[in-house]
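Quick notes on the structure that follows.
Any read-out appearing in this document is the output of simple, stated calculations on the displayed coordinates, not a laboratory observation. The shown structure was predicted, so the numbers you read here are calculated from the model rather than taken from an experiment. Virtual Cβ from ideal backbone geometry, glycine too; neighbours counted across all protein chains shown.
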Amino acid sequence: MRLNVTVNGRPLRADDVWEGESLLYVLRERLGLPGSKNACEQGECGSCTVRLDGVPVCSCLVAAGQAEGRDVVTVEGLAEHARRRTAGRTGETGPGSGSGGSDTGSASGPGGSDTGSDTGSEAGTGSDTGPAGDTGRAGGTGGTGGPDGRQPVAAASSQLAPVQQAFVDAGAVQCGFCTPGLLVAADALLEQNPEPTDADIREALSGNLCRCTGYEKILDAVRLAAARGGPQSAGATGPAGPAGPAGPAGKDGA
């Protein structure tokens with residue numbers, strides 16, 4: 001069957017999808033988005049968490065056909081999702097020009113090329129060289145995909161979402177296998193509840209397992225993101241870069 005789905009703000013199409021395939025399989029193997037991890041395949045670990053029409057779900061339990069015509073956000077799209085969310089609140093429409101760096105994931109005109117790094121997991125690049133009206137497949141003229149049949153999707157931005165930056169700053173990442181699901185779940189929590197209590201955080205992340213940590217650093221990261229303003233702080237500006245060296249003192253104009 002053919003699956004039409006919007007992933008990280010981009011309408012995509014996957015052909016020859018078997019009715020029994022999961023959304024997780026389609027994202028990883030057909031659309032080239034490996035950020036959502038394949039672990040238990042039983043909805044127990046949360047490593048494959050994505051947002052389906054805004055709701056966090058275990059993508060391993062969602063049949064691919066259930067995503068037809070719906071909106072999916074994966075860890076690769078968190079930064080762009082956060083930017084669009086804030087732009088919608090403030091009325092901004094232009095691309096980000098944050099102090100932490102420029103947005104390298106925007107398309108350069110109709111049918112233009114998209115490049116960017118996947119700040120949620122592995123790096124990836126892709127291009128959409130189809131006609132301006134064709135929003136179907138990514139990666140190659142006519143949408144044929146790569147030699148393995150997959151359709152690589154370029155990441156939306158090289159910047160980090162606020163919750164991602166908080167995980168980095170709090171040292172909440174160890175092996176990283178569970179991190180994509182935790183990030184998606186935490187971002188959804190902060191969007192709905194910008195000032196969560198510890199009980200709220202624990203409840204929101206109760207479906208995400210981590211075998212490396214004692215969870216305290218993960219809780220610290222969510223607390224930090226909330227203290228910084230949660231998703232509301234995710235605007236056109238990225239995390240501030242390191243300060244440059246001070247210049248020579250100027251002359252006193254007086």
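Residue pairs, Cβ under 8 Å, 6 or more apart or interchain, first in the range 73-85 and within 12 Å of Val184 (Cβ to Cβ), second among the acidic types (Asp, Glu) and not in a loop (DSSP other than H, G, I, E, B). List them.
Listed pairs, sorted by first residue: Leu78/Asp187; His81/Asp187; Ala82/Asp187.
Among strands (runs of 3 or more DSSP E) lying entirely in the range 1-56, which contain 3 or more residues that are touching a residue at least 24 places away in the same chain (Cβ under 8 Å) and of a type in the set (A, V, I, L, M)?
On the way: elements: 3-7, 10-14, 49-52.
Those strands (runs of 3 or more DSSP E) span 3-7.
If you go through the range 38-56 one residue at a time, how many are of a type in the set (Val, Ile, Thr) and surrounded by 20 or more Cβ atoms within 10 Å (Cβ to Cβ)? Quick ask: steps written out before the conclusion?
Filtering the range 38-56 for residues of a type in the set (Val, Ile, Thr) gives 49-50, 55.
After this cut, where a residue has to be surrounded by 20 or more Cβ atoms within 10 Å (Cβ to Cβ) as well, the list is 49-50.
Residues that pass the stated criteria total 2.
Can you work out which of the residues in the range 61-77 that are out of contact with any Ser or Thr (no Cβ under 8 Å at 6 or more places or on another chain) and part of a helix (DSSP H, G or I) is farthest from Cys40 (Cα to Cα)?
In this case the residue turns out to be Gly77.
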